[in-house]
Amino acid sequence: IIVADSSIEVFSIKKDYSHVNVVHTPGKLYYNKMYDILKEVKTPFVLELPDDDIVFEDSIHTCVDFLHNNTDYSFVDGVWRKEPNWERQTSYFLESDFYSKDPLERIRVCLNEYWKAPNHSIVRTDVLKRNYEFVIENELWPVRWWDKIWMFLSCFDGNYKMLNIDYGARGNSITPLMQMLENNYPNELRKHVTWKRMLIGENPRPLINFCIDRGYDPNFSEKFVRDIIKNVR
């Protein structure tokens, strides 16, 4: 377990746990922090977990086993339970068992038909590291863009699977800690910038070039990416 702490004062863990490593980088930009942390991760799979959610230990093992045995998938999770009644948050992916060998079809379905934020799935470490590297290299800082870019890139690498297991629990997202963070975003993350502004000018260019670099026609790539961005649900 790595605690990636970029607050000014280091988070203190009261007990000494040999399997927990606190990495304190005060003020470091989120994307840079996570990319540097992921370069130190030695396991083939990783879970990036925010401090206001819980993922059940048994579900982690189940998801890791799934990825280990299914190399054509790049990330996997299960069913979240959420306040106020802790009901299961089911989705299309659980009902349909969606699968495709076509990277662009995976992107289209996951972003345009049945959008679900993927960030806290169990994911192949190299996939997540490439996601952060892409954002850093292209300076795609707005925080509201991150989960959509994450989904786009990860779906190109492989399929997404939602297992029929209780995966984790999400409480009220506006905890005192999260409320403090809501009012304290670094300017670089540009929290006010909406996803729709991704369509302006050359903002989509990195994703268009991503497709071109993988052998797709430039005109097709431009139309595909702009249509995907426009139709995110």
Expected output for the stretch 1-14 (first residue within 15 Å of Met34 (Cβ to Cβ), partner at pLDDT below 85 and not aliphatic (A, V, I, L, M), Cβ below 6 Å, 6+ apart or cross-chain) is Asp5/Phe11
Of the residues in the stretch 41-63 that are open to solvent by 30 Å² or more (accessible area, probe 1.4 Å) and of a type in the set (D, E, K, R), the one that is nearest to Asp126 (Cα to Cα) is Lys42
For the stretch 131-150, check the following and say yes or no: at least one residue is at pLDDT 90 or above, under 19 Å from Val79 (Cβ atoms) and touching a helix residue (DSSP H, G or I) at 6+ places or on another chain (Cβ under 8 Å).
no
Any chance the stretch 70-79 includes a residue that's in contact with a strand residue (DSSP E or B) (Cβ under 9 Å, 6 or more places away or on another chain) and of a type in the set (D, E, K, R)?
yes
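The values are calculated or read from the model by the stated rules, or taken from the named source; none is laboratory data. All of these numbers come straight from a predicted model, not from anything done at the bench. Here the Cβ is made from the backbone with ideal geometry for all residues, glycine too, and neighbour counts use every protein chain on show. Heavy atoms of the whole protein, side chains included, go into the accessibility calculation; ligands, DNA and RNA do not. Shrake-Rupley method; radii C 1.70, N 1.55, O 1.52, S 1.80 Å.
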